[in-house]
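Report on one structure; see the data block that follows.
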Amino acid sequence: MGKAQKKTGKGRLDKYYKLAKEQGYRARSAFKLIQLNKKYSFLESARCCIDLCAAPGGWLQVASKYMPVNSVIVGVDLVSIKPIPRVVTFASDITTTQCRNLIRGELKDWKADVVLHDGAPNVGSAWVQDAYSQSELVLMSMKLAAEFLTKGGTFVTKVFRSVDYNNLIWVFNQLFGKVEATKPPSSRNVSAEIFVVCRDFLAPKHIDPKFFDPKHVFKDLSASAPAEGDKGASSKNYQANVFQPEKKRRRRDGYDEGDYILFKQAGASEYIKCDDAVAFLGSANQITFTTDEEKEWLKLDITTSDVVSNCEDLKVLGKGDFKALMKWRTALREELGLESKTNPTEELTETVEITEDVDPEQQIEDELERLNAEAAARSKRERRRANELKTKTIQRMQLQMTAPMDIGMEQSDTALHTGYEDMFDLDDTTKALARKGGVGRLLDADDEDSSEEEMDDAGDEDEEILDSEEEREKKVATLENELDGLYDMYQERMKERDAKYKVKQARKEKEAASWHGIHQDEDSDDGDSEEGGWETVQRAKARAGEDSSDESDAESDEEATPADSKKRRRVRFEDDSSKSRKKVRLQDGASSAPTPAPVLSRTAQVWFSQFDDDLAGDNLADSEDSEDEAMDEVSEHSEEAAHSDASDDDDFEVVPQDLDNDVTMWDVEGENEDELKQEKIKKHGLVTAEAMTIAQQLVNREKTRTDLINGGFNRYSLNSKEGLPPWFLDDEEKHYKANIPITKEAVSAIRAKMRALDARPIKKVAEAKARKKFKAAQRLEKAMKKAEGVTETSDMTEREKAKQIEKLMQKGMKKTQKKEIKVVVAKGSHKGLKGRPKGVKGRYVMVDSRMKKEVRAQKRRDKASKKRKRT
Ligand SMILES: C[S@@+](CC[C@H](N)C(=O)[O-])C[C@H]1O[C@@H](n2cnc3c(N)ncnc32)[C@H](O)[C@@H]1O
């Protein structure tokens, strides 16, 4: 018994036993079916399944779990099976017609897609009924399968390694397209069981009943080896004794009929003249030379002393000795004329043929070895795939496309399934992508991969290492494509799910479009982008030569009149900021600019645009003063930026202010947007705490304009986004941004502003008030007109006129009063009255007394709830 797996005692309680307990399976054998199904996938598509010998019901549980809902599952066993949802069970012997009739009654006209058989005699409690041997039980189950299986169906059966194995496989091959024997990992090595999966049932119209007759099947095929008439050579073991004499063979079948002698002597003539020399050598113990003829042979040259001594005890001979005896026999037969000279190859093939029939046990072992090697290779491949999948899943998780829950969902089965289904199914995703036509290439790449993998597995490992670099690159490229595709899908999904996200994206796209405009401009203007920002600026300088000279003139006159200078400074600063904006764009497309020009981040530009007005104010002069100090501190690179404000800072000032030029050079939309922003700021003031902080700092002289410009040179401002995937950029946009400190005062200022805004009446109230005002004005106007009429009349004294006008004006000022409607409660004398009630004059309305009560009650309730709220 193997050390690793024990079938008895505590060894029984292996990992599958524990897993079965954990997952609620009735038998550990459930995992055998799970693993078989994992390999051949016959349950997922099956609509009807019959499980023969199903107690206690582990396989039925698996079938019920893996088969589609509403499929028919029938289980039969000698012992009754505890009920399982969706499963019909009978207690019956599968070898009887009663069982057949029960199944027929249950299935009616249906045919089964899968027939399972895990039967083992003497396992159940009904020992007496287990009359059949395992092989016969298998044959019986196959008989039922042949009756109930649909064409193309699958039959899974357990067989034991025995002399009948080959015979059974032969019969299976007659009825099924594909027959494969396999041993699932959960089947103990110490167990002789193997599972045979027979797929693609041929469903022949007529099946020879001999196929299901145990006597016929097992007798006919096993009787192939022995050569009749050869005494003592009726078993294949004899052949094995010759070709593998070192192996001691057990005689499981016992001694042959009538062959009970242990030491067998045979004459040399018998050996020379027999048909099956190999069987002879395997069965005999000694070859004797007793007759005259045999004694003559001893004198021949070919009968060497070695041959003679070999003949004395055949049981101690090795392979070489047997070969020598065979050669001697052939040579002697040729001498005697019993055999014509054969060419060596023929003999070789003959030998090969014989070896093929060596031993069924040997064959089974060989096949098992082959299957094990295959399984090992397959599991290696699967492990590799699983690892790849795992990597992909982790990446998906990082993109928040899958929750860890998705992975853990089938965790229980992962141990058995190498985690295939549990991982995110890139296949599906890829297919989905392909459906969308987005990543057609992806599929190809995947296909390539998989085919490569197959080749890798088949080919040798060295080649794999040589190609690995190239492959890796390819894989990385494929992975990136996949990620991009997946990210697009993720965004789409988010848009579908989250309206807010949709709006955000739309806003972003809109913004991006306006900013792209700049790039488009640059792209279209190839020359510009190639030359870089510096050249553009220089060209602009040349174009605006006159303007700039004017400007510099103006600059030189700056000190002449303070008012003028202020105005000019304002103009200059506005120009500066707009230029700085342009500079950013120039820089984007011109990394080859000879002198690094100052670059401001987009956010910085927006801030600056907010302060154009503030900066243009008085504090500018101060900022200029402090600039020199600041300049000393900044680096060489930023020095240029600082200079921009100084008198010789041609970087910013030379670019003409001419709007027309701007229009031709830069994105118009972007400019308009900035202008609009500025207008908005003018109208509503500063709206962000950051802007307010900077504004306050400027006003309080804590910061100068140069400081702000210098502040624009940060690690966030020079980030090239070229070639970066969109998901990465989106992520950066969210998290990788400058943290602008805001002051308490700024926040409270913004809050106060917001509060003031909140305090303003809502639109409807404002409208109502305006309406009221308008109506009052209208009334007044009317009264005025009437008053004019009164003054013009001549038949009135001045006093009367004044009185009249006063009356009119009073009337005009007065609000027209709504005519009162009297509410009359329909009770007492008014109840059931038709027409005007007594004593009521003017407009009136009859109401029900109950209505009034209800109104009062409501009022009371409101009052009470208000009180409660206050306390
Ligand atoms: C290994 S158990 C089957 C375990 C089952 N596949 C499961 O997963 O629970 C073998 C079963 O075969 C049943 N069996 C043996 N001979 C049978 C027969 N002639 N007819 C029906 N059932 C039989 C036994 O009663 C026993 O329950």
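The values are calculated or read from the model by the stated rules, or taken from the named source; none is laboratory data. No experiment lies behind these values; they were computed from the predicted model shown. Neighbour counts run over all protein chains shown; Cβ positions are idealised from the backbone, glycine included.
Restricting attention to segment 80-109 and to residues that are under 25 Å from GLU22 (Cβ atoms) and aliphatic (A, V, I, L, M), the residue that is nearest to the ligand (Cβ to nearest atom) turns out to be ILE81. The listed residues are ALA181, ALA192, ALA203, ALA146, and the only one of them that is at pLDDT 90 or above, among the aliphatic types (A, V, I, L, M) and within 19 Å of LYS32 (Cα to Cα) turns out to be ALA181.
When restricted to residues that are over 18 Å from ARG100 (Cβ atoms) and either more than 7 Å from the ligand (Cβ to nearest atom) or in contact (Cβ under 8 Å) with a residue 40 or more places away in the chain (or both), segment 48-59 contains 2. Please determine whether any residue of segment 813-835 is surrounded by fewer than 11 Cβ atoms within 10 Å (Cβ to Cβ), in a helix (DSSP H, G or I) and over 60 Å from the mean Cα position of the chain (by Cα). Yes, because at least one residue in segment 813-835 is surrounded by fewer than 11 Cβ atoms within 10 Å (Cβ to Cβ), in a helix (DSSP H, G or I) and over 60 Å from the mean Cα position of the chain (by Cα).
Quick check on my filter: what residues within segment 60-79 are surrounded by fewer than 19 Cβ atoms within 10 Å (Cβ to Cβ), within 14 Å of the ligand (Cβ to nearest atom) and free of Cβ contacts under 8 Å to residues at least 24 places away in the same chain? The one that is surrounded by fewer than 19 Cβ atoms within 10 Å (Cβ to Cβ), within 14 Å of the ligand (Cβ to nearest atom) and free of Cβ contacts under 8 Å to residues at least 24 places away in the same chain: LYS65. In a residue-by-residue description of segment 120-139, the property of being more than 44 Å from the chain's Cα centre (by Cα), modelled with pLDDT of 85 or more and within 11 Å of the ligand (Cβ to nearest atom) applies to at least one position.
Residue-by-condition table, conditions (1) over 14 Å from HIS117 (Cβ atoms); (2) among the aliphatic types (A, V, I, L, M); (3) buried (at least 20 other Cβ atoms within 10 Å of the Cβ); (4) assigned by TED's automatic domain parsing to the domain that holds LYS38:
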{"site": "LYS151", "(1), (2), (3), (4)": "yes, no, no, yes"}
{"site": "SER162", "(1), (2), (3), (4)": "yes, no, no, yes"}
{"site": "LEU168", "(1), (2), (3), (4)": "no, yes, yes, yes"}
{"site": "PHE176", "(1), (2), (3), (4)": "no, no, yes, yes"}
{"site": "SER187", "(1), (2), (3), (4)": "yes, no, yes, yes"}
{"site": "VAL190", "(1), (2), (3), (4)": "yes, yes, no, yes"}
{"site": "PHE195", "(1), (2), (3), (4)": "no, no, yes, yes"}
